[in-house]
Amino acid sequence: MASSSVPKGTPNFPEYQTEEGRLKIFGFWVFLAAEVVLFSTLFATYLVLADRTAGGPTGKELFEVKDFMIETMLLLTSSFTCGLAVLEMRKGNKKGVFIWMIATLAMGLGFLGMEISEFVAYVHEGATLQTSAFLSGFFVLVGTHGAHVTLGVVWISLVLTQVAKRGLTPMTCRKLFIGGLYWHFLDVVWIFIFTAVYLTGLI
Amino acid sequence: MLPLRNGAWKWLAVAGMMMAILSGCEPVKMGVLNPKGPVAQKQYDLIIWSVVLMSVILIVVFVLFVVILVRFRASKLSKDYEPPDVEGNTFLEIVWTAIPVLIVVALAVPTVTSTFDLEKSPSPNKKPITIEATSAQWKWIFKYPEQGIETVNYLKIPANVPVRFKLSSHDAMNSFWIPELGGQEYTMADMPMFLWLEADKPGKFIGRGNNFSGRDFAKMEFTVEAKKQSDFDSWVDHVKKTAPKQSEKEYKALLKPGTVDLKTYSSYPKSAEVKEPNHGGMEHGGMDMDHSKMKHEDMEGMEDMPGMDHDKN
Amino acid sequence: MSEQQHASAKHHITGFVLSLLLTFAALFLALNTPLSVGLKLTVIIVLAVFQMLVQLVYFMHVTEGSKIYQIISFSYGIFVAVCVVAGSIWLMLLNGMSMY
Amino acid sequence: MGLFNFKMPEHFIIMNNPLIIGAWISIILVSVGIVFFVTKYKKWGYLWREWFTTVDHKKIGVMYILAALLMLFRGGFDAILMRTQLALPDLKVLDAQHYNEIFTTHGTVMILFMAMPFIIGLMNVAVPLQIGARDVAFPVLNAASFWLFFVGAMIFNISFVVGGSPDAGWTNYVPLAGSDLTPGVGINYYLWGLQIAGIGTLATGVNFFVTILKMRAPGMTLLRMPMFTWSTLITSIIIIFAFPVLTVTLAMLTFDRLFGAHFFTIDAGGMPMMWANLFWIWGHPEVYIVILPAFGIFSDVISTFARKRLFGYNAMVISMVAISGLSFIVWVHHFFTMGNGPWINSVFSITTMAIAIPTGVKVFNWLFTMYKGRIETPAPMLWSLAFIPNFLIGGVTGVMLASAPADYQYHNSYFLVSHFHYVLIGGTVFGCLAGMYYWWPKIFDFKINERISKWAFWLFVVGFNLCFVPMYLVGLQGMPRRVYTYGEHMGWTTWNFVETIGAYLMGVGFMLIVWAIIYSILHEKRDRSGDPWNGRTLEWAISSPPPHYNFSRMPSRVTSADPFWDAKKRGETMFDENEPLKPIHMPNNDGMPIVLSGFMFIAGFGFVFEWLLIGFIGLLGVIGSMIWRSFKDYDADHYVQVDEIERDQAELKAALEGRS
């Protein structure tokens, strides 16, 4: 495709070694910037509707500090291990990549399990998508994040099978790196859910 | 080959358009350009001022456009004419940035002042009358809380008295508009809003729903009659004496989607009253919500927000 | 900004510790301090923004690759996000409607 | 609402109207005809290889433009029907319901399925050539964008005959569009048609943003890019940050309608105004998405046919950047009359008026590009010239509308209708047509016939003004938009009749454009040399049509914003002919985009009818196609060998000599 010369200042890492890798990583950054706006729309809606509980349960009644703190810790730690996996990838250590990435995925699954049981508990307390505008906003905002995490788990697992088959080539490294970016980004979104939904709900 | 090259057709077309526009100005003496009250007058003045400002730009650009096209058409230039190689002209560019800034300021200042003025009574020293205007699919219901009467699809107001319309909707959004008396405002089911209008003199106007609301939206026209205060009062008396009372059931039936003729009632049920709007865009009226759970107590005016369960206040 | 900037494990641990500190600080401030609601909200939002920067710099390596373009696009995203959130709240919650 | 619910709507197959029966007949005849002829001439393989699986930006661009012209016909036909109904008071050409469906589809089709794809088609055709790239950054994604748009458009269009059209306006305001007041599948069609096309558009935005920033020819700094490329870059930014808002907004109404959520319902605390708010947070930038590329086209065309450098290049760039920022902070002017209070209305009045300043700068720069130029007026230039006065009328009435208190009198009236048609037709449509005429002899080896095109131009432009100038007047007389009829007593009859005449003239103009294209395909002179307009930018430096790899050698002499013009002046070409040819790395054709989009069609159709099982099966297919593609993209490219490039060059040389 485009010019073959490597632009000045390009890092000397496997994921950046091909033109395609450089384009795709940058493209993914742009996509993440779009995701910022996507989530911001959900946040705006949630915040506007947060007080409209229509007689149903409020956030204060529903949110459990212990539960959402464990969820937060799982995601923060998984972001850290995911970072370590990318570090190992750059060192060319396939085994290290697998150890840290599988740890990441395990914590991601733990997070998802907790979130699902949280949602199930809410539904049992009579707090569903159909109960009030507040809960519609809540379930769709937090659920969209959860769906992203699910997608992330599936995606990174598939990339790992490709790494297992093909080793750490520039192409698989690019895929791993992008998967990692996605994972960290989900952590960023969660921080804002943690702040704007859970903490604000309890203040 | 058409005789287009010589440009005659183009000028003919342009001239034709100008004629069409100019001749159009005469029969337009209705609607927005025929203000019959202080609110409409204020908006009319603003519109005319903006037309003046915009005309300046239009004329300057049109003249430049025509002159440049006539002067520099390839067919009019000598064969060896070479356009100069210029990149721009900072001075000129500053000029045509600065002038639009000035024009925008000249329009923005009266815009802002009018925006604030229109939120207030057009005649603060006169005692206003309140009328509740409610849109429902596809009819207008007018309630006169001070007189206790209700009309459907027609409106009578006292002339020379500021009218404070309390606008709401039963279902779809609509917009309440009487062009001769002033600009419109939406009617919304969850958010009653106010609109001030006033007629200078007695007269008849046409008002309408102006925001698409479904099948028979086009039929949501209503007549507006401004009467002298004494005539208005005797009309109210007449309605009170002769018109039927409206039962809860009749009111419910009226709200069902469909079109109806003009109707007049000497009373309306309590449930038909439009609830006070509330601050902060919180929901109100017709909704059972638990206000005790709301969090923004510190927000101004939240306390005395009358929702359904505050009706005792 | 290329070879010499091999992010180390130490670098990642710093990021992780920072993110934990910020999280617990926000939790503590929100639940266990007597500050006013407005102040609490402001502080936890500021902490969340710092968290985001920690993730971007320590874990996502925003300063590598097409550094300038990446930062510009992400910042533009945040500009629009702020417009959407602040604008919606201003219009929907804080606006006085036609109260005259 | 269960997973296995397959409830049929009341009218699955719509047959209740002669027009629709006519549509059925023509759809069936055309489909059978296409299948018959393609089979008869054994062209399925060709279509699959050369078009359905292509990742070549030029072919994708052509498909976009064809689809856009088809949609222009559909939207235009809607417009003609509406104008016929409104020609005189109390006509009964259409009933209220039918009219409501038609103005809804007219608006939606014209904005999302005509203007956007036309613009994106032109970007596809021109931008990689203008910056000296061999394709876009993500060619397969680009094909997926097209097919997703196409599937979205098809889903939206079949609503006409299967299940019923949306009828709540292109703005689709709730509560009217909620399931209480508008049950049925029409609104679902709107939601899913836009959602699917929107995903494709977002991908296009990312694609062109990366392409332009990362794949420019050596020497082409940001401030040497052609203006159309600049406008595409800015437009991509707006797409990237505006479309996610639409995605979420549509999804929320989908949740309300399909799963009983309460985002916009009046009961249980939902806020109808939130729809208006979010819709316009996307909707206003959307307007700039379709107008800025038109600005870019006019800049390139005017400078080409005035034979003069663009006046004030930097100011043009700065003003576009300013417009992109402002586009995100003016949205409230679409609902000044929704009780926002004086502070909000004042602030948004001022930000809106501020847009006039950069736009005004551009108008003067175009005028002064022509000043002292040597103005020729072939078809692309004619449309560009018509743009200046017509767009200006739209622009100044836009400033008038920006004044909130005055807007209380214009809002939702025909004054508004006329304003946005002046901007969208006078700006976007004229721009698309100018662009189509301009780049046509680049994508193909012939121009579109000038004589027929001039007729078409004059009919269209005169009809346009005849149609829309009176709308300003009836608007001020109080005529609301979206009424299906009006009474004689309102006094709007004369002007409405004139408007209808204008609309028919525009219709004839459009048919003539189509005729000009058909005529030119059959009869116009062929020219492969590649520079029919005496152009200024890189795309004219290669043959027409370009080889699929665009540039056999990379352009190496980009020293200004008009590199080809300057090279011609110096008596040089854009390429270093001594440089040896090298194999060229190109992507393979790929069937994934069309397969994925097929699954998306199944998903969309299922969700429209609220048949969740089918919907989810479709979504699984979409995800499956992506996974499949991820496992096979390790061998998704090939090299064009030097001997093939040499063969192409020899063939081109022979063609050019044969001509002379």
Problem set entry | Convex hull volume of segment D:469-516 per residue (C-alpha atoms, cubic angstrom) | 81 Å³
For this session: Would you list which lysines come within 20 Å of A:K91, measuring only between C-alpha atoms, while excluding same-chain residues fewer than 8 positions from it?
Result: A:K165, A:K175, C:K10
For this session: Note down the magnitude of the dipole of the protein assembly as shown about its Cα centre, charges +1 on Lys and Arg C-beta and -1 on Asp and Glu C-beta and zero elsewhere, to the nearest 20 debye.
Result: 2840 debye
For this session: Compute, for D:F264, the solvent-accessible surface of its heavy atoms (probe 1.4 Å) with the complete set of protein chains present, and express it in square angstrom to the nearest 10.
Result: 10 Å²
Seminar exercise, completed: Note to self: Kirkwood Rh of chain D, Cα pairs, one decimal, Å, is 25.9 Å
Exercise. In whole Å, how far is the Cα centre of segment D:433-451 from that of segment C:25-100?
Worked result: 49 Å
Seminar exercise, completed: Note to self, chain D gives a 222 nm [θ] from helices alone (DSSP H runs n ≥ 4, -39500 (n - 2.57) apiece, / all residues, nearest 500) of -22000 deg cm²/dmol
Exercise. Rg to Rh ratio, segment D:534-660, alpha-carbon atoms and Kirkwood radius?
Worked result: 1.21
Exercise. What ³J(HN,Hα) values, in whole Hz, does the Karplus curve 6.51 cos²θ - 1.76 cosθ + 1.60 give for segment A:57-66 when θ = phi - 60°, with x put for Gly and Pro?
Worked result: x, 9, x, 4, 6, 8, 6, 10, 4, 4
Exercise. For segment D:482-496 and segment D:196-221, what is the separation of their Cα centres, given in Å?
Worked result: 47 Å
Problem set entry | Accessible surface of chain A [probe 1.4 Å, protein heavy atoms]: carbon and sulfur percent | 67 percent
Exercise. Under a straight-distance cross-link criterion of Cα-Cα below 15 Å, which aspartates and glutamates are reachable from D:K308, leaving out those fewer than 8 residues away in the same chain?
Worked result: B:D80, B:E82, B:D85, B:E87, D:D300, D:E376, D:D562, D:D566
Exercise. Taking springs between alpha-carbon atoms closer than 10 angstrom, which of C:L21, C:L41, C:L31 fluctuates most in the Gaussian network model of chain C?
Worked result: C:L31
For this session: Count charges around D:T104 for me, please; just the other residues with Cβ under 11 Å from its Cβ, Lys/Arg as +1, Asp/Glu as -1.
Result: -2
Exercise. Could you give the alpha-carbon Rg of segment A:14-202 over 2.2 N^0.38 Å, rounded to two decimals?
Worked result: 1.13
Seminar exercise, completed: In whole percent, the Cα-Cα distances of segment A:1-101 spread across 5 Å bins from 0 upward as 2, 9, 10, 11, 16, 14, 11, 9, 7, 5, 3, 1, 0
For this session: Name the long-range amide H neighbours of B:S169: under 5 Å, sequence gap of 5 or more, or other chain; modelled H, no Pro or chain starts.
Result: B:S135, B:M188, B:A189, B:M191
Exercise. Within 10 Å of each Cβ of D:460-472, how many other protein chain Cβ atoms are there on average?
Worked result: 2
Problem set entry | Heavy-atom accessible area, 1.4 Å probe, ligands and nucleic acids excluded: residues of segment A:19-33 down by at least 50 Å² from chain alone | A:L23, A:F26, A:W29, A:V30, A:A33
For this session: Please report, largest first and rounded to whole Å, the three semi-axes of the ellipsoid equivalent to the protein assembly as shown, where each semi-axis is the square root of five times an eigenvalue of the C-alpha gyration tensor.
Result: 49, 42, 28
Exercise. Roughly how many nanometres apart are two label points built 7 Å out from the Cα toward the Cβ at D:M626 and B:V95?
Worked result: 5.6 nm
Exercise. Helix hunt in chain C: which complete DSSP H runs extend at least 27 Å axially by C-alpha with mean Kyte-Doolittle at least 0.5?
Worked result: C:9-32, C:67-92
Seminar exercise, completed: Output row, site A:I70, 7 Å Cα→C-beta label point, backbone N cut-off 15 Å, window segment A:89-126, residues A:107-122
Exercise. What is the distance in Å between the Cα centres of segment D:353-421 and segment A:128-203?
Worked result: 45 Å
Exercise. Helix D:592-608 sits at what angle to the longest principal axis of chain D, using alpha carbons and giving 0 to 90 degrees rounded to 10?
Worked result: 0 degrees
Seminar exercise, completed: Rounded to whole Å², per residue accessible area for segment D:453-536 with a 1.4 Å probe reads 36 Å²
For this session: Work the Kirkwood hydrodynamic radius out for segment D:444-564: mean of 1/r over every pair of different alpha-carbon atoms, inverted, in Å.
Result: 18.2 Å
Exercise. In nm, to one decimal, how far is the modelled label at A:K91 from the one at B:L102, with both set 7 Å along Cα→Cβ?
Worked result: 6.9 nm
Problem set entry | Amide hydrogen neighbours beyond the local backbone of B:G37, cut-off 5 Å, H modeled | B:D200
For this session: Over every pair of different alpha-carbon atoms in segment D:1-290, take the mean of 1/r and invert it; report that Kirkwood radius in Å.
Result: 20.6 Å
Exercise. Which lysines have a Cα lying under 16 Å from the Cα of B:K76, excluding residues fewer than 8 positions away in the same chain?
Worked result: D:K372
Problem set entry | Label-point separation in nm, D:S26 to B:K270, each point 7 Å along Cα→Cβ | 6.1 nm
Exercise. At 10 °C and 1.306 mPa s, what whole-number value in µm²/s does Stokes-Einstein give for the translational diffusion of segment B:129-274, with Rh from the Kirkwood sum over Cα pairs?
Worked result: 106 µm²/s
For this session: Just tell me how shielded C:22-30 is by partners: mean number of partner chain Cβ atoms within 10 Å of each residue's Cβ, no decimals.
Result: 4
Exercise. Carbon and sulfur together cover what percent of the accessible area of segment D:1-290 at a 1.4 Å probe radius?
Worked result: 74 percent
For this session: For a quick protection proxy, order the peptides D:49-57, D:61-69, D:229-237 by their average other-Cβ count within 10 Å, most packed first.
Result: D:229-237, D:61-69, D:49-57
Seminar exercise, completed: Amide H neighbours of D:A561 at under 5 Å, excluding residues fewer than 5 places away on the same chain, with H built from the backbone geometry, are none
Exercise. Under a 1.4 angstrom probe, counting protein chains only, how are A:E118, D:E644 ranked by accessible area, largest first?
Worked result: D:E644, A:E118
Exercise. ³J(HN,Hα) across segment A:102-119 via Karplus (A = 6.51, B = -1.76, C = 1.60, θ = phi - 60°), whole Hz, x for Gly/Pro?
Worked result: 5, 4, 4, 5, 4, 5, x, 5, x, 4, 4, x, 5, 5, 5, 5, 4, 4
For this session: Specify the angular offset, from 0 to 90 degrees and rounded to the nearest 10, of the alpha carbon long axis of helix D:414-423 from the longest principal axis of the alpha carbons in chain D.
Result: 10 degrees
Exercise. When the solvent-accessible surface of protein heavy atoms is calculated with a 1.4 angstrom probe, in what order do A:M73, D:M436 fall, highest first?
Worked result: A:M73, D:M436
Exercise. So what are the ³J(HN,Hα) numbers for segment A:85-99, from phi and the Karplus equation (6.51, -1.76, 1.60; θ = phi - 60°), rounded to whole Hz, Gly and Pro as x?
Worked result: 4, 5, 4, 5, 4, 5, 7, x, 9, 5, 4, x, 4, 5, 4
Seminar exercise, completed: Over chain C, the sum of -39500 (n - 2.57) across DSSP H runs of at least four, divided by residue number and rounded to 500 deg cm²/dmol, gives at 222 nm -24000 deg cm²/dmol
Exercise. How far is helix D:227-259 tilted, in degrees, relative to the longest principal axis of the Cα atoms in chain D, given as a value from 0 to 90 rounded to the nearest 10?
Worked result: 30 degrees
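The values are calculated or read from the model by the stated rules, or taken from the named source; none is laboratory data. Worth saying up front: this structure is predicted, and the values here are computed from it rather than measured. Glycine also receives a Cβ, built like all others from the backbone with ideal geometry; neighbour counts cover every protein chain displayed. Side chains included, ligands, DNA and RNA excluded: accessible areas come from the protein's heavy atoms. Shrake-Rupley method; radii C 1.70, N 1.55, O 1.52, S 1.80 Å.
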